[in-house]
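The values are calculated or read from the model by the stated rules, or taken from the named source; none is laboratory data. Remember, it's a predicted structure, so these values are computed and weren't measured experimentally. Ideal geometry is used to build each Cβ from the backbone, glycine not excepted, and the neighbour counts take in all protein chains shown. Note: areas computed on protein heavy atoms with side chains; ligands, DNA, RNA excluded. Shrake-Rupley method; radii C 1.70, N 1.55, O 1.52, S 1.80 Å.
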Amino acid sequence: SVEPGAAYVSVMVHGDGLISLQYRRSAGGLTQEVRAPQKAPALVRLERTGDVFSLSVSEEGQNFQPAGGVRLDLPDDVLVGPALCSHRPDRIEKAVFSEVSLGSRSLREHEERVLESSLEVIDVTTGAREVIYKVKDHFEAPNWSRDGRSLIFNRHGKLYSISLGEDQPTPIDTGFADNCNNDHGLSPAGDLLAISHSPEGESLIYVLPAEGGEPRLVTKLGPSYWHGWSPDGKTLA
């Protein structure tokens with residue numbers, strides 16, 4: 001509402017370039033924030049999906065990248081629009097709003113909703129996130145290659161590799177092992193790939209060349225799942 005101290009969520013672009021997702025969970029509560037790693041000038045987007053409010057930022061005409069989010073218990077009907085704020089009551093601020101758009105996606109029934117997965121990398125120093133691959137499907141368990149140039153993930157029982165800077169993943173040849181789960185990883189030397197495959201309902205551990213090839217059975221009794229390599233790459237856990 002427009003009452004003083006009302007619960008709210010906003011994306012604020014500050015004069016010093018700071019971009020933040022600011023919110024108040026309940027009336028009269030304190031304002032909290034999630035700071036984006038990116039700085040203005042940039043395009044910002046605030047999106048609501050149920051009780052999740054997400055901030056995305058686009059710099060220099062690039063694709064929007066996720067920059068933070070929060071869950072808030074706000075009503076279905078809310079007020080929305082651009083706002084300008086001065087932190088000092090005796091100071092007048094000026095701002096220019098450009099390329100403003102408001103949009104609403106129609107609600108879908110549960111059976112009509114589309115599953116979407118997104119592969120992201122995060123700079124642990126700055127907190128900046130970058131979407132590497134996004135598709136309306138289910139995939140999971142990304143693991144880095146040893147040289148840090150690509151990622152391996154699991155999708156519908158098969159493994160794929162995607163290099164940074166590429167748009168589409170490449171299937172990894174795992175031979176007969178076409179029911180892999182999300183337990184997989186490269187050896188310390190990067191020459192072998194351990195996988196967990198379920199040939200008849202129970203998971204077993206296999207090893208194959210990192211570039212693909214025929215898997216070699218490691219565990220005969222299941223269920224067994226791969227969890228990691230020893231530092232010397234000679235044993236599996």
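Out of the residues in the range 1-47 meeting the condition of being of a type in the set (Lys, Arg) and either touching a Gly at 6+ places or on another chain (Cβ under 9 Å) or without any contact (Cβ under 8 Å) to a residue 24 or more places away in the chain (or both), tell me which one is nearest to Asp73 (Cα to Cα).
Ranking the qualifying residues of the range 1-47, first place goes to Arg24.
Return the total of residues in the range 33-61 being open to solvent by 40 Å² or more (accessible area, probe 1.4 Å) and not in a strand (DSSP E or B).
Residues meeting the conditions: 6.
Got at least one residue in the range 19-32 being open to solvent by 80 Å² or more (accessible area, probe 1.4 Å), polar (S, T, N, Q), in contact with a strand residue (DSSP E or B) (Cβ under 7 Å, 6 or more places away or on another chain) and in a strand (DSSP E or B)?
Checked against the condition, which is being open to solvent by 80 Å² or more (accessible area, probe 1.4 Å), polar (S, T, N, Q), in contact with a strand residue (DSSP E or B) (Cβ under 7 Å, 6 or more places away or on another chain) and in a strand (DSSP E or B), the range 19-32 yields at least one hit.
At least 2 residues that are without any contact (Cβ under 8 Å) to a residue 40 or more places away in the chain in each: list the strands (runs of 3 or more DSSP E) lying fully within the range 98-213 that qualify.
Ranges flagged: 117-122, 129-135, 140-144, 150-155, 158-163, 192-197, 204-209.
In the range 62-77, what residues are in contact (Cβ under 8 Å) with a residue 24 or more places away in the chain, in a loop (DSSP other than H, G, I, E, B) and under 20 Å from Gln32 (Cα atoms)?
Those that are in contact (Cβ under 8 Å) with a residue 24 or more places away in the chain, in a loop (DSSP other than H, G, I, E, B) and under 20 Å from Gln32 (Cα atoms): Leu72, Asp73, Leu74.
Which of the residues belonging to the range 105-148 are surrounded by fewer than 11 Cβ atoms within 10 Å (Cβ to Cβ) and modelled with pLDDT of 80 or more?
Once the filter is applied, which keeps residues that are surrounded by fewer than 11 Cβ atoms within 10 Å (Cβ to Cβ) and modelled with pLDDT of 80 or more, the range 105-148 yields Leu115, Glu116, Asp123, Val124, Thr125, Lys136, Asp147, Gly148.
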